[in-house]
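Q: Right, I'll just put the structure down here and ask away after.
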Amino acid sequence: MKITFVRHTSVNVPRGVCYGQTDVPLSDTFTQEAEIIHNKLRSITENKPFDEVYTSPLSRCTHLADYCGYPYAIRDRRLLELDFGEWEMIAFDENKDERLQLWYDDYIHVAPTGGESFIMQYQRVSNFLEEIKKKTYNHVLVFAHGGVLICAQIFAGLINIEEGFSRLPVYGECVEIII
């Protein structure tokens, strides 16, 4: 089965601010970015419909799904971005939490205060993918976040967990995996 993951478009959040699961506004360039993605998706499917479409429930993903013609996309909380807990909407360089350095040293296993570690996010995304594998789909579309796209690539064996965040897809990027 092929799964095409699409990272949401750019957001209206200052660079360096941790926004994980906060429902933040989209950039003013949403329409232009979304149109490019919509065209990419049309070329990927070659006019064959996706068997199913899923999306993170955050508006930065649902708006893109709607724009691309998938208002019925199934909202699934397992597709949420990493939960940064108490660090949400704080600039990393202004974060005074003593756990920040621990997280920098081992973001795979260390959770932000009140949040989840990357391995916890990977487990929830893996749970979603294991469930999808049991279905008889040929091609699925998923609108999600950078961390989810990293998890999907790790699950598919395209990258290893240690290089995850160095391979963060850009806004609007499409990543295909086979499971």
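The values are calculated or read from the model by the stated rules, or taken from the named source; none is laboratory data. Source: prediction; values computed, not measured. FYI the Cβ positions are ideal-geometry reconstructions off the backbone, even for glycines, and counts take in every protein chain you see. Note: areas computed on protein heavy atoms with side chains; ligands, DNA, RNA excluded. Shrake-Rupley method; radii C 1.70, N 1.55, O 1.52, S 1.80 Å.
Q: Report the residue count in the stretch 157-179 for those that are among the hydrophobic types (A, V, I, L, M, F, W, C) and over 15 Å from the mean Cα position of the chain (by Cα). Before you say what the answer is, go through the steps one by one.
A: From the stretch 157-179, those among the hydrophobic types (A, V, I, L, M, F, W, C) are 158-159, 161, 165, 168, 170, 174-175, 177-179; that's our starting set.
In the following step, the residues that additionally are over 15 Å from the mean Cα position of the chain (by Cα) were identified as 158-159, 161, 178-179.
Residues in the stretch 157-179 being among the hydrophobic types (A, V, I, L, M, F, W, C) and over 15 Å from the mean Cα position of the chain (by Cα): 5 in total.
Q: Exactly one condition in (1) open to solvent by 60 Å² or more (accessible area, probe 1.4 Å); (2) in contact (Cβ under 8 Å) with a residue 24 or more places away in the chain is false for Glu131; which is it?
A: Against the list (1) open to solvent by 60 Å² or more (accessible area, probe 1.4 Å); (2) in contact (Cβ under 8 Å) with a residue 24 or more places away in the chain, Glu131 comes up short only on (2).
Q: Now a separate question. Would you be able to tell me the number of residues in the stretch 152-167 that are open to solvent by 40 Å² or more (accessible area, probe 1.4 Å) and either in contact (Cβ under 8 Å) with a residue 40 or more places away in the chain or over 17 Å from Ser117 (Cα atoms) (or both)?
A: Adding up the residues that qualify gives 5.
Q: Collect the residues in the stretch 39-58 that are part of a loop (DSSP other than H, G, I, E, B) and among the aliphatic types (A, V, I, L, M), keeping them in residue-number order.
A: Within the stretch 39-58, Leu58 is the sole residue that qualifies.
Q: Being free of Cβ contacts under 8 Å to residues at least 60 places away in the same chain, closer than 30 Å to Lys134 by Cα and either touching a helix residue (DSSP H, G or I) at 6+ places or on another chain (Cβ under 9 Å) or surrounded by 16 or more Cβ atoms within 10 Å (Cβ to Cβ) (or both) is the filter here; which residues of the stretch 7-57 pass it?
A: Within the stretch 7-57, His38, Pro57 meet the criteria.
Q: If I filter the stretch 1-27 down to residues being of a type in the set (D, E, K, R) and within 26 Å of Glu94 (Cα to Cα), which single residue comes out as nearest to the chain's Cα centre (by Cα)?
A: Our first condition is that a residue be of a type in the set (D, E, K, R); within the stretch 1-27, this holds for 2, 7, 15, 23.
Those still in the list that are within 26 Å of Glu94 (Cα to Cα) too: 15, 23.
Values: Arg15: 18, Asp23: 13 Å.
The residue in question is Asp23.
Q: State the number of residues belonging to the stretch 80-100 that are open to solvent by 40 Å² or more (accessible area, probe 1.4 Å) and assigned to a helix (DSSP H, G or I).
A: 5
Q: Can you report the number of residues in the stretch 58-68 which are surrounded by fewer than 17 Cβ atoms within 10 Å (Cβ to Cβ) and either within 15 Å of Leu80 (Cα to Cα) or of a type in the set (A, V, I, L, M) (or both)?
A: Of the residues in that region, 1 qualify.
Q: Further question: Restricting attention to the stretch 99-128, which residues are free of Cβ contacts under 8 Å to residues at least 40 places away in the same chain and within 15 Å of Ala156 (Cα to Cα)?
A: Tyr122, Gln123, Ser126
Q: I've got another one for you. Using beta carbons and a limit of 9 Å, which pairs, at least six apart or on different chains, have the first residue in the stretch 60-80 and closer than 20 Å to Tyr171 by Cα and the second one open to solvent by 70 Å² or more (accessible area, probe 1.4 Å) and among the hydroxyl-bearing types (Ser, Thr, Tyr)?
A: Ala65/Tyr72; Tyr67/Thr31
Q: Just wondering, is there one or more residues in the stretch 46-53 that are within 15 Å of Ser10 (Cβ to Cβ) and hydrophobic (A, V, I, L, M, F, W, C)? Spell out the reasoning first.
A: Narrowing the stretch 46-53 to residues within 15 Å of Ser10 (Cβ to Cβ): none.
No: the stretch 46-53 contains no residue that is within 15 Å of Ser10 (Cβ to Cβ) and hydrophobic (A, V, I, L, M, F, W, C).
Q: Could you count how many residues in the stretch 69-79 are assigned to a loop (DSSP other than H, G, I, E, B) and either open to solvent by 10 Å² or more (accessible area, probe 1.4 Å) or over 16 Å from Phe5 (Cβ atoms) (or both)?
A: Here the count works out to 5.
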